[in-house]
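Asks: I have a structure here, written as structure tokens, and I will follow up with some questions on it.
The values are calculated or read from the model by the stated rules, or taken from the named source; none is laboratory data. Remember, predicted model here, so these are calculated numbers, not experimental data. So basically every Cβ, Gly included, is an ideal-geometry build from the backbone, and we count neighbours across all protein chains shown. Surface accessibility is based on the protein's heavy atoms, side chains included, excluding ligands, DNA and RNA. Shrake-Rupley method; radii C 1.70, N 1.55, O 1.52, S 1.80 Å.
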Amino acid sequence: MKILGISAHYHDSAAALLVDGLPIASVQEERLSRRKNDAAFPLAAIEWCLDQADLEPDSLDAVVFYERPLLKFDRVLTCLLRSFPKSRDAFTHAMKNLLGEKLWMRGIIASELGISGRKVIFTEHHQAHAAAAFLTAPTECAAILTADGVGEWATLTVGQGERHAGRGTDIKLRRGIRFPHSLGMLYSTFTAYLGFAVNEGEYKVMGLAAYGQPNMVDKVWRTVRRTPDGAFALDLDYFEFQSTVARSYSKRFVDLFGPARSPYDPIDFGTQDGQRFADIAASVQRVLEDILVDIARDLHRETGLRDLCIGGGVALNGVANARILRESGFERVFVPPAPGDAGCALGAALYADRILLGNPDRAFPDHPFWGPSIDVEDLVRLAREDGLEAERCDDRELVEMTADDLAAGHIVGWMDGALELGPRALGHRSILAAPHSTEIRDRLNRDIKYREEFRPFAPVVPVEVADRFFEFPRGQLRLARFMSGVFPVREEWRDQLAGITHVDGTARVQALPREMEPRLHALLEAYGRRSGIPVLLNTSFNLAGEPIVNNVVEGYSTFRRSSIDILIAGESRLAKRRVQRPVVREEQLA
Ligand SMILES: [Fe+2]
């Protein structure tokens with residue numbers, strides 16, 4: 001059975017293809033269109049996925065959309081009417097938006113793909129999140145927690161998933177919290193107030209939080225309260241996202257926290273305002289964590305299960321995920337590489353396959369590499385056109401040379417195999433560097449990533465030795481497989497890992513199993529033989545404001561436009577002319 005999943009029209013559109021229950025391909029539209037967070041109907045992603053299986057659209061058995069447009073329409077209409085006439089402008093905007101295309105998804109999908117509308121089916125948005133979290137995790141039975149901004153009505157759900165060999169699969173979402181009460185919207189409102197782009201700047205709030213003290217927790221608790229049934233409710237007097245598109249926080253919110261930060265002002269921790277913004281970030285982060293930990297703890301008590309799968313955009317908060325692992329009582333916590341809406345394309349397809357159509361369960365390959373692969377010939381050709389020579393090396397030679405490059409302080413653009421699904425570079429489209437000094441971090445920020453200084457860079461380490469450098473609760477490394485948790489760097493290593501240690505002594509570490517990306521794993525070991533520390537700084541291969549590179553042409557262009565010293569694409573290596581071949585060889589160090 002051939003099933004195509006689609007997510008679109010909010011942010012980060014994507015497509016995913018399942019054939020006989022197994023994933024064949026999945027990619028975000030932005031990686032192909034080169035428009036960051038592209039929310040358009042993902043035609044390029046769909047075409048690419050179908051190409052991978054050599055399929056025409058009419059041979060698909062079902063096309064699944066990741067939410068129910070009519071339910072969403074109902075929510076938008078209800079909320080706007082509740083706050084009419086204040087919502088007059090938002091009403092006009094929403095009606096144009098929804099009536100323009102979003103409401104008629106069955107017809108749009110049918111006409112874009114040239115298929116019968118009968119083949120188009122829908123999942124609820126949080127069913128897609130739940131399936132993306134549970135059905136991709138190596139567990140037979142787990143509690144499920146999903147949390148995001150909003151889908152149709154639900155903003156958070158709790159439930160349970162079970163897979164029975166030969167007897168089908170169950171996902172039951174027992175309870176939910178409905179819009180406008182939303183942890184995602186709470187965090188996004190603070191993201192906007194702190195001068196960052198909503199749906200993108202949430203990482204920055206989490207990074208900024210480490211510079212502050214949670215000394216405004218009481219104030220944040222005025223905007224949100226716990227309810228006796230274990231849920232939470234926002235005090236809507238502090239918010240405007242439910243009634244206008246212009247601003248997400250109200251005048252009362254500003255009265256409580258002080259003037260908002262302009263996106264154009266730098267954050268200076270030496271000023272009162274700079275420190276206030278960091279303290280506000282720390283406070284909302286603490287409240288978000290406390291609520292999630294409480295809900296997860298209740299869920300553990302209620303289900304008595306060992307495993308928890310978390311989905312939805314809120315699951316990108318690695319600090320909260322690590323606290324849930326430490327404090328909720330669950331032994332293992334799983335977060336997929338794409339817990340946000342892009343991963344819903346895969347989640348919707350899986351939900352339709354296993355639950356709606358009742359197909360048998362299949363073990364899901366435990367990696368994030370479902371996108372386009374690179375063609376190494378491209379690098380040789382592109383370099384030659386520019387009068388440069390890309391070297392072809394065998395695997396071992398390439399790994400040893402790259403370890404030398406990194407040990408010599410060079411910055412390496414690393415492309416290998418198929419593109420990652422989700423927002424993180426997990427070893428196939430990465431910029432790598434030595435993790436030891438703050439200078440290299442500052443150089444990356446200044447010359448390549450152009451990021452705010454308070455945002456940390458992440459490390460990657462072989463899973464076998466991860467525990468030596470980082471502290472994982474009860475030795476549980478699973479959250480670090482896809483960089484979904486923030487953990488303390490062991491104190492004795494913090495000086496030598498200054499480039500990846502955040503100001504609060506933590507890091508969003510990836511603990512890499514050899515089988516997931518053998519070449520990067522070998523590189524880490526080779527680098528460890530040189531430095532004594534098999535850890536590298538690993539950041540996504542893109543420039544500020546651009547999506548992660550997909551093919552070699554984009555990797556090469558980024559290499560040429562930035563201070564990346566070496567570009568590796570599969571078995572090819574290209575160095576900038578100013579970069580000398582390192583002279584220190586492994587034998588000399590031994
Ligand atoms: Fe979502």
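Asks: Could you please give the count of residues in the range 150-185 that are in contact with an Asp or Glu (Cβ under 9 Å, 6 or more places away or on another chain), assigned to a loop (DSSP other than H, G, I, E, B) and within 16 Å of the ligand (Cβ to nearest atom)?
Replies: Qualifying residue count for the region: 5.
Asks: Now for a different question. Name the residues in the range 227-255 that are in a loop (DSSP other than H, G, I, E, B), farther than 19 Å from V158 by Cα and touching a residue at least 12 places away in the same chain (Cβ under 8 Å), would you?
Replies: D235, F241, Q242, S243, T244, V245, A246, R247, S248, S250
Asks: May I ask you to say which residue of A363, A349, A338, A315 is among the hydrophobic types (A, V, I, L, M, F, W, C), part of a loop (DSSP other than H, G, I, E, B) and within 16 Å of the ligand (Cβ to nearest atom)?
Replies: Sole residue among the options that is among the hydrophobic types (A, V, I, L, M, F, W, C), part of a loop (DSSP other than H, G, I, E, B) and within 16 Å of the ligand (Cβ to nearest atom): A338.
Asks: Within the range 2-54, take every residue that is on the phi > 0 side of the Ramachandran plot and open to solvent by 10 Å² or more (accessible area, probe 1.4 Å) and give me the one that is farthest from the chain's Cα centre (by Cα).
Replies: Only one residue tops the list, namely D54.
Asks: Hey, could you check the range 366-391 for residues that are open to solvent by less than 10 Å² (accessible area, probe 1.4 Å) and part of a helix (DSSP H, G or I) and say which is nearest to the ligand (Cβ to nearest atom)?
Replies: Ranking the qualifying residues of the range 366-391, first place goes to L379.
Asks: With the requirement that a residue be in contact with an Asp or Glu (Cβ under 7 Å, 6 or more places away or on another chain) and in a strand (DSSP E or B), what does the range 9-25 give you?
Replies: Across the range 9-25, the qualifying residues are A14, L18.
Asks: For the range 117-128, which positions are part of a loop (DSSP other than H, G, I, E, B) and open to solvent by less than 50 Å² (accessible area, probe 1.4 Å)? Quick ask: steps written out before the conclusion?
Replies: Taking the range 117-128 first, the residues part of a loop (DSSP other than H, G, I, E, B) are 123-124.
Listed by number, the list holds a single entry, T123.
Asks: Related question: Residue pairs, Cβ under 6 Å, 6 or more apart or interchain, first in the range 137-150 and in contact (Cβ under 8 Å) with a residue 24 or more places away in the chain, second acidic (D, E) and more than 9 Å from the ligand (Cβ to nearest atom). List them.
Replies: Listed pairs, sorted by first residue: P138/D366; T139/D307; C141/E162; A142/D307.
Asks: Then there is this: Return only the number of the condition from (1) among the small types (G, A, S); (2) crowded, with 19+ Cβ neighbours inside 10 Å; (3) within 26 Å of G340 (Cβ to Cβ) that G230 does not satisfy.
Replies: Going through (1) among the small types (G, A, S); (2) crowded, with 19+ Cβ neighbours inside 10 Å; (3) within 26 Å of G340 (Cβ to Cβ) one by one, G230 breaks only (2).
Asks: Hey, D218 hits all of (1) more than 16 Å from the ligand (Cβ to nearest atom); (2) within 23 Å of V486 (Cα to Cα); (3) at pLDDT 95 or above but one; which does it fall short on?
Replies: Just one mismatch for D218, condition (2).
Asks: Next up: Go through the range 288-310 and give me each residue that's of a type outside the set (V, I, T) and part of a helix (DSSP H, G or I).
Replies: L288, E289, D290, L292, D294, A296, R297, D298, L299, H300, R301, E302
Asks: What number of residues in the range 319-335 are within 16 Å of the ligand (Cβ to nearest atom) and under 14 Å from F472 (Cβ atoms)?
Replies: Final tally of qualifying residues: 0.
Asks: Check off (1) surrounded by 17 or more Cβ atoms within 10 Å (Cβ to Cβ); (2) outside any helix (DSSP H, G or I) for E515 and give me the number that stays unchecked.
Replies: (1)
Asks: With the requirement that a residue be closer than 20 Å to S373 by Cα and within 16 Å of the ligand (Cβ to nearest atom), what does the range 31-59 give you?
Replies: Correct list: P42 only.
Asks: What about R519, is it under 17 Å from A418 (Cβ atoms), of a type outside the set (G, A, S) and over 19 Å from the mean Cα position of the chain (by Cα)? Give the derivation first.
Replies: Working: under 17 Å from A418 (Cβ atoms): yes; of a type outside the set (G, A, S): yes; over 19 Å from the mean Cα position of the chain (by Cα): yes.
The answer is yes for R519.
Asks: Among the residues of the range 524-555, write down those that are open to solvent by less than 20 Å² (accessible area, probe 1.4 Å) and under 18 Å from A418 (Cβ atoms).
Replies: Taking the range 524-555 first, the residues open to solvent by less than 20 Å² (accessible area, probe 1.4 Å) are 524, 526-528, 533-539, 541-543, 547-550, 552, 555.
Hits for the range 524-555 are N538, F541, N542, P547, I548, V549, N550, V552, G555.
Asks: Please pick out the residue among A142, A132 that is within 22 Å of the chain's Cα centre (by Cα), crowded, with 22+ Cβ neighbours inside 10 Å, hydrophobic (A, V, I, L, M, F, W, C) and more than 16 Å from the ligand (Cβ to nearest atom).
Replies: A142 is the lone residue from the list that is within 22 Å of the chain's Cα centre (by Cα), crowded, with 22+ Cβ neighbours inside 10 Å, hydrophobic (A, V, I, L, M, F, W, C) and more than 16 Å from the ligand (Cβ to nearest atom).
Asks: Can you find a residue that is more than 28 Å from the chain's Cα centre (by Cα) and either open to solvent by 40 Å² or more (accessible area, probe 1.4 Å) or of a type in the set (S, T, N, Q) (or both) anywhere in the range 261-268?
Replies: Initially, the range 261-268 is screened for residues more than 28 Å from the chain's Cα centre (by Cα), giving none.
Checked the range 261-268: no residue is more than 28 Å from the chain's Cα centre (by Cα) and either open to solvent by 40 Å² or more (accessible area, probe 1.4 Å) or of a type in the set (S, T, N, Q) (or both).
Asks: Which one is surrounded by the fewest Cβ atoms within 10 Å (Cβ to Cβ), of the residues in the range 186-201 that are within 17 Å of the chain's Cα centre (by Cα) and within 16 Å of the ligand (Cβ to nearest atom)?
Replies: E200
Asks: Name the one entry in E464, E452, E471 that is open to solvent by 20 Å² or more (accessible area, probe 1.4 Å) and touching a residue at least 60 places away in the same chain (Cβ under 8 Å).
Replies: E452
Asks: Another question, if that's okay. So I355 fits all but one of (1) in a helix (DSSP H, G or I); (2) within 23 Å of N542 (Cα to Cα); (3) hydrophobic (A, V, I, L, M, F, W, C); what number is the exception?
Replies: (2)
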